[in-house]
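Working notes, structure below.
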Amino acid sequence: MSNQALATIAAVPPASADILWAQVLELSCELTVQLPIAGFRVRDLIQLAPNLVIDTKTSIASDVPTAVNGTLLAWSEFEVVGERLAIRITDFV
């Protein structure tokens, strides 16, 4: 959605804005958490295989970039919740 479209929604009365938002709330988008791996080379790419462990040299508390549809939106940190890996948003861009 463009900034102009968002500005249009923000400028209308709340009841009308709810109707406008209802049209887009169910659209899918892709959330991507990027884990930078310094020093990763083509030789490493060629050797990728199931069960291979790649050392990221990134500490658990390090913030990682989080994007929606390719646009950087926030910084997040990884967190273990039960048996699942999750992210916690730490800062918005």
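The values are calculated or read from the model by the stated rules, or taken from the named source; none is laboratory data. Since the structure is predicted, the reported quantities are computational estimates derived from the model, not experimental observations. Using ideal geometry, Cβ is built from the backbone for each residue, glycine included, and neighbour counts are taken over all protein chains shown.
So which of GLU77, GLU83 ends up being surrounded by fewer than 10 Cβ atoms within 10 Å (Cβ to Cβ) and more than 16 Å from ILE37 (Cβ to Cβ)? Being surrounded by fewer than 10 Cβ atoms within 10 Å (Cβ to Cβ) and more than 16 Å from ILE37 (Cβ to Cβ) holds for just one of GLU77, GLU83, which is GLU83.
Residue by residue through the range 27-58, note down the ones that are closer than 27 Å to TRP75 by Cβ, among the charged types (D, E, K, R) and without any contact (Cβ under 8 Å) to a residue 24 or more places away in the chain. Selection gives ARG41, ASP44, ASP55, LYS57. Taken over the range 42-72, the criterion of being among the hydroxyl-bearing types (Ser, Thr, Tyr) and either under 19 Å from ALA86 (Cα atoms) or surrounded by 10 or more Cβ atoms within 10 Å (Cβ to Cβ) (or both) is satisfied by THR56, THR58, SER59, SER62, THR66.
Which of the following residues is hydrophobic (A, V, I, L, M, F, W, C) and either within 10 Å of the chain's Cα centre (by Cα) or at pLDDT 95 or above (or both): TRP75, TRP21? Talk me through it step by step, then tell me what you get.
Values: TRP21 fails: either within 10 Å of the chain's Cα centre (by Cα) or at pLDDT 95 or above (or both).
The unique qualifying residue is TRP75.
All conditions in (1) modelled with pLDDT of 90 or more; (2) in contact with a Lys or Arg (Cβ under 7 Å, 6 or more places away or on another chain) hold for VAL93, with the sole exception of (2).
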